Amino acid sequence: MPLSCMPRQQQTVTEVRLDNISKCVTITVNTLDVLVNTLKIHGLEAMVNTTQSLLKLVQTIKQDKNECAELMEQTHNILNAIIGVYVKSDTGIELPPSTLNEIANFTQTLHKIHTFIEAQQSGSKVKKFFRQGELNGLLKDCKTGLQEGIKSFQIKSSDIMFTAREMEEQAQIRYQEVLNIIETISSSDSASSISRMYSGSYASSNSISMLPAEPKIFHGRESELADILKHFEQSTPRIAILGAGGMGKTSLAQAVLHHEEIVTKYQGNQLFVACDTAASKVELAGLIGAHLGMKPGKDLTQAVLFRLSEGPPTLLILDNLETTWEPVESRKEVEEFLSLLTDIASLALMITMRGAERPSKVQWTRPFLPPLEPLAQEAARKVFIAIAEDRHPMEEINQVLHLTDNMPLSINLLAHAVDVEGTTAILSRWQREHTSVISEGCDRRSNLESSILLSLESPRIMSTPHSQELLSLLSILPDGLSDVELKQSKFAIQDILDCKRALLRTALAYVDDHKRLKALVPIREYMAKFQPPTDKMIGPLFKHFQELLQVYVTDQGKSSAALYVERLTSNYTNILNIIQNGLYLGHPDLADSISCTSHFIRFNANIGKYATPLVNKVLSLLPHSEDHRAKASFTVRLFSNRTYSIPHPQAMIAQTFEWLETLDDPDLETIFYTRLGNYYSMLDIPTA
């Protein structure tokens, strides 16, 4: 009988069931694939690849088809729920660390399901490695993992779909929802930032070297701008912009950066490096290297110097360099690095620094630019009117400006307050609450503090009292906070985004080019001095960063680790400050802070940075802490860190073994022996 005339074999109910679920899973995994490839969510790649491989295996399965169909149906429900998490998220494609961890756990379950189903193939090589009892155990693990997934993603029994039509309809709906998300993101300016965030290249020149915007309001610095541009008539000037906090040093540097003469001269080869996070010469070189698109390394000093010397004519602006230069212990090496930079004939260098002293060892271009002073009265008036408009009586405008001492930051704060309340109300409040400040003619710092206090007491802030708590928290967060972090940190404040809006409206905070909420340096300093953040505010953010570091360490080496690198990097100094807050005897989170330090050391090593201040702080606490596990875990991690020179290593080794003896933890002890072997091998030091 010809093959074409042979009767087709009738499909069993189970085979039909497998075909139906395969069609639905195909649509769902295609939806996940769109998320991965369009929005660059690389942490889902393993899930997509494993599921696609599963679909191929199901087509040729020979045994336990009922079990396989059940596993695939539950897998589809969880995949569908994961897509729903992204669709319903109010923080875009950035999910909380706990949710990312649940996704990672489900991916591991998927691998087990893949192994089980592969073992059901005819003549499967995988099955040869399993006894029947082991296969039963593997199936049990698969079912347990699926149940945990159903619980983690809160899939109710009413949400579980049983018919093929229900599953296919829901899969199509999810696919359309994802397309809508992509369309929304693609039509906004966040599309490129999302792509950068998940590109896995957090140190690329495209992502980190974005130039700040040109100042929108710029009055009263025309003379200084002209003097600086005149210096650029020389081939490579070296210029220091100095002055008190809040004087507009950064705005002047940004005006130079965007001036048409500078743009024409350097043709895109301008670097604007914010130095707030650099605590040493090595970290400063690392920041510059990141802006140049270089990969992280232990010390990029020589690599940066070589890259700049071999490149085209370049303008390098180091903003807020006082952060790196002021500590006495790092000043000498920072000055030596600046001197080496100025040895590069094609490199123009401009720095902004608080104070009136220039770093030595650099031949600064003469004549020196004097420290910035308060604005002239007419310029101050122009700045004020640009913010608050000229609808107020000029006499009262002049009275308000008198209170600011014509300092740009003070003008900015009071002008925003006047814009809402009017000059009469502001002057009345000032007379009532700050008469002594006016009558005594206090200095600039006192005027600045009074301006900040006046903004803090404005009706917009008083109507959202928790906004002051948020501002106090920002005082120890130089990196600021994204909306994702504001929402996911679970602060005990229900109206956290209302607090953010209040701070923005009163100009007590601002949103930078990366959409992070920040406070200006003088305001941070004021709040840290007069209204420091409470543990009630710090605690939730500490827990958030703790989870993020834990998930990062757990997923180290996996593709999902790329999801956390950008989030940790963008919060680098924040994490440093938050951990330091808990590193003192008697703090309830001391043990967790030591544990976080261990994870942070690992993260630092992977990105080519140091955490020396944290390490030294923990080492000083170890003799006084009673938590032997935290102490032993910390020293075990320390001996695997190649970027830190351990003081008195033999004594620390002996002490660690004493702590380990009290724990009865063979696994941790084994890890320590391994780390010691690597440590001595790296140093080429004999153990005896």
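A528 - would you say it is buried (at least 19 other Cβ atoms within 10 Å of the Cβ), within 30 Å of E457 (Cβ to Cβ) and of a type in the set (G, A, S)? So A528 fails the test.
Looking only at the stretch 647-668, filter to residues that are in contact with a helix residue (DSSP H, G or I) (Cβ under 8 Å, 6 or more places away or on another chain) and not in a helix (DSSP H, G or I); which one of those is farthest from K631 (Cα to Cα)? By that ranking, first place goes to P647. Got at least one residue in the stretch 95-106 being modelled with pLDDT under 80 and either under 37 Å from the mean Cα position of the chain (by Cα) or among the basic types (K, R) (or both)? Looking for residues that are modelled with pLDDT under 80 and either under 37 Å from the mean Cα position of the chain (by Cα) or among the basic types (K, R) (or both), one finds none in the stretch 95-106, hence no. Among the residues of the stretch 669-681, not a single one is at pLDDT 80 or above and in a loop (DSSP other than H, G, I, E, B).
As a summary of the residue check, A303 satisfies the conditions (1) in the same structural domain as V282 (by TED's automatic domain parsing); (2) among the aliphatic types (A, V, I, L, M); (3) surrounded by 15 or more Cβ atoms within 10 Å (Cβ to Cβ); (4) touching a residue at least 24 places away in the same chain (Cβ under 8 Å) except for the one numbered (4). Restricting attention to the stretch 607-621, which residues are in contact (Cβ under 8 Å) with a residue 24 or more places away in the chain and in a helix (DSSP H, G or I)? Hits for the stretch 607-621 are I607, T612, P613, L614, V615, K617, V618, L619, L621. Do we have K281 as modelled with pLDDT under 90 and more than 21 Å from I575 (Cβ to Cβ) here? Here the answer is no, as K281 does not meet what is asked. Within the stretch 268-281, being out of contact with any Ser or Thr (no Cβ under 6 Å at 6 or more places or on another chain) and either crowded, with 23+ Cβ neighbours inside 10 Å or without any contact (Cβ under 8 Å) to a residue 40 or more places away in the chain (or both) holds for one residue alone: G268.
Mind checking which residues of the stretch 518-533 are among the aliphatic types (A, V, I, L, M) and either assigned to a helix (DSSP H, G or I) or assigned by TED's automatic domain parsing to the domain that holds Q254 (or both)? Answer for the stretch 518-533, where residues must be among the aliphatic types (A, V, I, L, M) and either assigned to a helix (DSSP H, G or I) or assigned by TED's automatic domain parsing to the domain that holds Q254 (or both): V521, I523, M527, A528. Scanning the stretch 10-32 for residues that are under 16 Å from R174 (Cα atoms) and surrounded by fewer than 17 Cβ atoms within 10 Å (Cβ to Cβ) yields K23, T26, N30.
Every residue, every condition in (1) in contact with a helix residue (DSSP H, G or I) (Cβ under 7 Å, 6 or more places away or on another chain); (2) aromatic (F, W, Y); (3) under 21 Å from I452 (Cα atoms); (4) assigned to a strand (DSSP E or B), yes or no:
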residue	(1), (2), (3), (4)
P359	yes, no, no, no
L369	yes, no, no, no
L375	yes, no, yes, no
E378	no, no, no, no
E395	no, no, no, no
N406	yes, no, yes, no
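Taking the stretch 73-87 as the range and being under 13 Å from I103 (Cβ atoms), within 28 Å of the chain's Cα centre (by Cα) and among the β-branched types (V, I, T) as the test, the residues that pass are I82, I83, V85. Comparison of K543, K515, K487, K536 shows that the only residue that is surrounded by fewer than 21 Cβ atoms within 10 Å (Cβ to Cβ) and assigned to a loop (DSSP other than H, G, I, E, B) is K515.
For every residue, the table says whether it meets (1) more than 15 Å from G84 (Cα to Cα); (2) not hydrophobic (A, V, I, L, M, F, W, C).
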residue: I21; (1), (2): yes, no
residue: V29; (1), (2): no, no
residue: V34; (1), (2): no, no
residue: L39; (1), (2): yes, no
residue: M47; (1), (2): yes, no
residue: Q52; (1), (2): yes, yes
residue: Q59; (1), (2): yes, yes
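Select from the stretch 497-512 the residues that are farther than 22 Å from Y86 by Cβ, within 19 Å of the chain's Cα centre (by Cα) and part of a helix (DSSP H, G or I) and list them in ascending order.
K500
Among the residues of the stretch 291-347, those identified as more than 30 Å from T264 (Cα to Cα) and touching a Cys at 6+ places or on another chain (Cβ under 6 Å) are T323, T324. Listed by first and then second residue, the pairs linking a residue in the stretch 518-540 that is touching a residue at least 12 places away in the same chain (Cβ under 8 Å) to a residue that is assigned to a helix (DSSP H, G or I) and among the polar types (S, T, N, Q), with Cβ atoms under 7 Å apart and 6 or more places separating them unless they lie on different chains, are M527/S472; Q531/Q468; Q531/S472; P532/S472; P533/S472; M537/S472; I538/N581.
The values are calculated or read from the model by the stated rules, or taken from the named source; none is laboratory data. Keep in mind it's a predicted model, so treat the numbers as computed, not measured. Counting neighbours? That spans all protein chains shown, and the Cβs are built from the backbone with ideal geometry, glycine included.
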